[in-house]
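These notes concern the structure reproduced below.
The values are calculated or read from the model by the stated rules, or taken from the named source; none is laboratory data. No experiment lies behind these values; they were computed from the predicted model shown. FYI the Cβ positions are ideal-geometry reconstructions off the backbone, even for glycines, and counts take in every protein chain you see.
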Amino acid sequence: MNAQKDFVLWLSKIDKRLAPYVGGKAANLGEMLRANFPIPNGFVITSTAYQTFIKENNLKQKIQKIMKSTDYKDPNSLSNSSKKIKDVIVRGTISPKILDAVLQHYKKLGENAHVAVRSSATSEDSKTASFAGQQATFLNVSGNQNLTKAILGGWASLFTARAMFYRHENKLNDNKVAISLVVQKMVDSKSSGVMFTIDPVTHDRKTIAIEAIYGLGEYIVGGKVTPDHYEVNKDSLKIVAKKVEPQKNMLRLQNGENKDIRLTSRKGSRQKLEDGDIVLLASLGKLIEKHYNYPQDIEWAKEGKTLYIVQTRPVTTINNKQLTINNQKNNISLSTSKLPEPILTGDPASPGVAIGKVKIVKSIKDADKVKLHDILVAPYTNPDYVPIMKKSSAIVTERGGRTSHAAIVSREFGIPAIVGAQNALSILKDGMKITVVGDTGKVYEGAISIKSEKKEDTEAAKLKTKTKVFVNIAEPQRAVEVAKGNVDGIGLLRAEFMVARIGIHPKKLISEGKGKVFTDSLAKDLATICGAFYPRPVIFRTTDFKTNEYRGLIGGEKYEEQEENPMLGYRGVSRYIHDKDVFMLELEAIKYVRNVKKLTNLNIMLPFVRTVDELIEVKKIIAASGLKRGKDLLLYMMAEIPSNFIILEDFIKVGIDGVSIGSNDLTMLVLGVDRDNSKLTESFNEMNKAVQIAIEKIVKTCSKYKILCSICGQAPSNYPELVKNLIRWGIDSVSVAPDVINKTRRVIYNIEQGKR
């Protein structure tokens, strides 16, 4: 398999390292399929196929010429340019070498199988830009001819007006963006919807929000139907809230076509997803979030009795700074007291408060009506509205849910939004001045001065605490942004994502005399991160790849055995001792950053140290590399194995400067629970008494021997109540996910001040 040359790849052969060739959507689907999540089978037409098509049809210069003449602030200019580019693409010819490869794969899905063709642009589904709904999706495509049309239409959709505008606003280079297409067996959806593993509006991490409708999911993501809304507690997996909405129409396959079907009032008024399925879906969402270690926006569908996951992407709206800016512009913020009666109420879709004039837009043809800072009022939101959403100070719609694609984009832009506000078009009139409160879903007549009663986020960003608040980071780009906040350093810098981005097994590079490629790439990322945080400490956890993860790198199959249980296999410092050459590449990168770049805030943390003898051996290797442990270079050890807390004193006596508790692996190994096993989800609990005893012993032992102690697993983010115990036991620092830094700082401050 060579993604640079292959036109078509099965989803089962794809993982995140192939994202540059298959796009974020396809990479996520492939990775989940390989992890045994319920994903419909299918294949990917790679970006290589698209680029070859563009080259063979001599389209690059034609497209560039049209784009150069485009005025992105003028909806008509944008629309005309989009039409011209799409026309030249759909009139192009797909060469036999590409088409034959596609049709051979299609045939294996079944004779004239019904498939969904979804875009997977190489810049979409990132943590900063979702590209939600910007490219086309074709459902229930059947037959070679229709599939060929769908492919051309999918490629052309890279240049929809909304996609071009979106790239322009996010400063993405059109010339560097390509597109791949996911072709999957169609799920004949009895019901479908969207799930967020955090509350999409409040960002409450303990809530899983699910929205559901009858039929195909296009009506929910396009905002044409107001969905049922369910909320599930992430810890207990109990349903805590339900709002059942009447549904008049659904989209289903009928007589070989997607048809709008009228529902009886009796059927339409029923709950769209049974309670048992809600809980099952929530448990899947919880596992997917754990797999990616980041909140997810998930699309799902139910066929018969089976629930399928058809897409997942990171939630892109955590810690949106633009919202703060918008609120400051208007000099208003949120309160719920002493307000007049609202003239309209809907569902909150994007937080914030805005004042402006109503502009009713019944179709995208009315886009020119909306001027800067107007409030857009429409029957429903869909991605075509993105250009005018950007100009608007707020959005109000009659239909649609909090998880519709346009709602997602509105949160990305930091624009307050309310959806499902019935009769909005009859109550609100063009030119009327209103106040929109996206946090509560309420609309007030006139300009209402709303004073804030909650300033926790703003204040927390300035608070000082004795217990340090560190952050868990994996990517350089994220580090630069997070470093601007009230954070004392990085408590866990993971090596794995940086190594995965290199994409080649380090032993393969060494065998080819290219070890410097590995070292240079890692050093560059480390320097970016350490530079952003300097002089605050950065604790770099050296690689803890397992054999199954290393096998996924190019050349990995040659160097990695297939272990029955990689989680307990050849990982951590065991690798460093047996594969010194590979570990030396990492140490060389650390030396370069510290000695050449003079970023001496970079420290080392060793993962998965099973025995005292292993610690002794690995310390010798580090010393031999020229890195000298001392006040200027601290050596940490992860505490994530029962032996680490049972004989922690013995490890400390060998010579370490600090211990960081990895609560995820520690919980797994103390309780004997595979954290990736869906049947054992309820048993995996960091607050279990046995786990708490282990954590307490680690913290108190570190305090006794006067060495630093931190915790860098997910537990402090998920269980703020744990933080109180950690402080009482004597923890020095808590390292948490970026989105809960201020929240954790507030909790620590209140505890230290005796407020709770």
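Figures for the structure shown
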| item | result |
| --- | --- |
| Residue selected from segment 339-368 under the condition under 15 Å from V419 (Cα atoms) and of a type in the set (S, T, N, Q), by the criterion surrounded by the most Cβ atoms within 10 Å (Cβ to Cβ) | S350 |
| Output for segment 216-267, where each listed residue is within 24 Å of the chain's Cα centre (by Cα) and on the phi > 0 side of the Ramachandran plot | G223, L237 |
| Subset of segment 202-223 (residues that are assigned to a strand (DSSP E or B) and either touching a residue at least 40 places away in the same chain (Cβ under 8 Å) or not polar (S, T, N, Q) (or both)) | I208, A209, I210, E211, A212, I213, Y214 |
| Selected residue [under 15 Å from K507 (Cβ atoms), assigned to a loop (DSSP other than H, G, I, E, B), within 32 Å of the chain's Cα centre (by Cα) and not assigned by TED's automatic domain parsing to the domain that holds M32] from Y576, Y570 | Y570 |
| Residue in segment 278-290 that is touching a Pro at 6+ places or on another chain (Cβ under 8 Å), modelled with pLDDT under 90 and within 15 Å of I208 (Cα to Cα) present | yes |
| Residue selected from segment 614-642 under the condition among the β-branched types (V, I, T) and part of a helix (DSSP H, G or I), by the criterion surrounded by the fewest Cβ atoms within 10 Å (Cβ to Cβ) | I616 |
| Checking D544 against (1) over 28 Å from A460 (Cα atoms); (2) touching a residue at least 24 places away in the same chain (Cβ under 8 Å); (3) assigned to a helix (DSSP H, G or I), the condition it does not meet | (3) |
| Unmet criterion (only one of (1) assigned to a helix (DSSP H, G or I); (2) in contact with an Asp or Glu (Cβ under 8 Å, 6 or more places away or on another chain)) for R536 | (1) |
| Residue ranges of helices (runs of 4 or more DSSP H) in segment 1-101 with at least 1 members under 24 Å from the mean Cα position of the chain (by Cα), assigned by TED's automatic domain parsing to the domain that holds R167 and surrounded by 21 or more Cβ atoms within 10 Å (Cβ to Cβ) | 19-34, 47-56 |
| Single match in S660, S625, S643 (criterion: under 32 Å from the mean Cα position of the chain (by Cα) and assigned by TED's automatic domain parsing to the domain that holds D520) | S660 |
| Hits in segment 712-731 (condition: within 22 Å of K484 (Cα to Cα) and at pLDDT 85 or above) | C712 |
| Residue match in segment 98-112 (condition: modelled with pLDDT under 95 and of a type in the set (S, T, Y)) | no |
| Meets criteria (within 23 Å of D297 (Cα to Cα) and at pLDDT 90 or above) for V471 | yes |
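Residues checked against (1) more than 30 Å from K286 (Cβ to Cβ); (2) crowded, with 23+ Cβ neighbours inside 10 Å; (3) of a type in the set (F, W, Y):
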| position | (1), (2), (3) |
| --- | --- |
| A156 | yes, no, no |
| I179 | yes, yes, no |
| D199 | no, no, no |
| D204 | no, no, no |
| I210 | no, yes, no |
| T226 | no, yes, no |
| V240 | no, no, no |
